[in-house]
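The values are calculated or read from the model by the stated rules, or taken from the named source; none is laboratory data. Please read these numbers as outputs of a predicted model, since none were measured by experiment. Glycine gets a Cβ as well: all are built from the backbone with ideal geometry, and neighbour counts include every protein chain shown.
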Amino acid sequence: MLDLSSNAFMATLPQSLLCSKTLNHLDVSNNNLSGQIPLSCPGEEESSSSLVFFNASSNHFSGSLDESISNFTQLSSLDIHNNSLTGSLPSALSNLNYLNYLDLSNNDFSGTLPCGICNISSITFANFSGNHIGMHSLSDCVASGVCAANSINQKRVHPPHVTLRAVAICAIALIIVIVLVLLVVCARWKLLRRSLALVPASQARANTEPTSSDELLAKKSCEPLSINPATFEHAPLRVTLDDILKATDNFSAAHIIGHGGFGTVDRAALPEGRRVANLRSRGFMVVISSVVTVNSWLRWRPSEW
């Protein structure tokens with residue numbers, strides 16, 4: 001990079017600067033340089049300029065631009081406004097495919113604008129004002145009928161390889177997203193199946209078997225009462241509810257001798273003197289009592305009582 005701008009240099013521009021193989025940025029603007037801009041690189045150095053940025057604006061350069069401008073194939077920015085350049089614009093300007101910025105204003109160019117300048121795909125700014133070519137900017141390309149078959153809008157079209165690259169990148173990104181989504185879904189499905197397969201047998205039984213004494217009693221209370229009369233020492237007695245209420249002092253807690261899966265057992269003495277056990281079944285709106293002799297009940301009651 002070489003910046004010689006805003007000095008008071010009064011000379012011609014050395015040809016070696018423009019044709020250097022190592023220099024890519026040259027700014028000699030706002031000086032008093034004169035003569036022609038040496039665009040031709042003679043000998044082995046021809047067509048080998050590596051300049052990307054060239055600014056020679058606001059000097060006293062004269063002469064014209066020739067087809068040698070095509071040697072600057074890497075040029076991205078060309079600013080030579082406010083000089084005394086004359087002649088017509090070379091068609092070789094259309095071959096600068098990387099040209100992004102072009103300022104030729106305030107010179108003495110004449111003739112017509114080369115058609116291809118309007119169609120350079122990378123160009124975003126151009127200023128032709130202050131000349132005699134009937135155009136001021138890129139927007140005049142369509143208005144003046146220059147390159148009517150290839151309008152100025154083509155400058156915004158990306159090169160085919162850029163478009164293909166963008167399409168390929170989007171397709172690859174879409175495929176990666178789809179694969180990731182499928183992997184996540186498969187992983188979650190496998191984890192769900194594994195969690196269902198590893199449920200302990202005890203946990204499965206817990207869903208169907210009672211886990212507390214209250215649940216066990218509630219389950220047994222719903223089972224039908226089944227008593228085999230053959231197991232008793234005496235035949236079952238026929239008593240009324242009033243007899244039972246009197247014998248248990250209206251089911252007083254003092255008469256309770258036990259609790260079981262079928263209900264509460266009270267002791268009672270019948271009027272004729274026989275001692276009995278009274279079983280009150282739970283789960284009914286009306287108390288149902290069964291009376292057996294104490295001795296028979298002691299042999300019959302389940303072991304958990």
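Can you tell me which of (1) crowded, with 17+ Cβ neighbours inside 10 Å; (2) closer than 26 Å to residue 32 by Cβ; (3) at pLDDT 90 or above is the one residue 76 doesn't meet?
Exception for residue 76: condition (2).
With respect to residue 126, determine if the residue is loosely packed, with under 11 Cβ neighbours inside 10 Å, at pLDDT 85 or above and either closer than 14 Å to residue 100 by Cα or of a type in the set (A, V, I, L, M) (or both).
no
Restricting to the range 12-29, give me the number of residues that are surrounded by fewer than 17 Cβ atoms within 10 Å (Cβ to Cβ) and under 21 Å from residue 60 (Cα atoms).
6
Has the range 35-48 got at least one residue that is under 52 Å from the mean Cα position of the chain (by Cα) and either at positive phi or in the same structural domain as residue 131 (by TED's automatic domain parsing) (or both)?
The answer is yes, given that some residue of the range 35-48 is under 52 Å from the mean Cα position of the chain (by Cα) and either at positive phi or in the same structural domain as residue 131 (by TED's automatic domain parsing) (or both).
Go through (1) among the polar types (S, T, N, Q); (2) over 22 Å from residue 5 (Cβ atoms); (3) assigned to a loop (DSSP other than H, G, I, E, B) one by one and return the number of the condition residue 70 breaks.
All conditions pass for residue 70, except number (3).
Go through the range 75-108 and give me each residue that's closer than 17 Å to residue 136 by Cβ and aromatic (Phe, Trp, Tyr).
101
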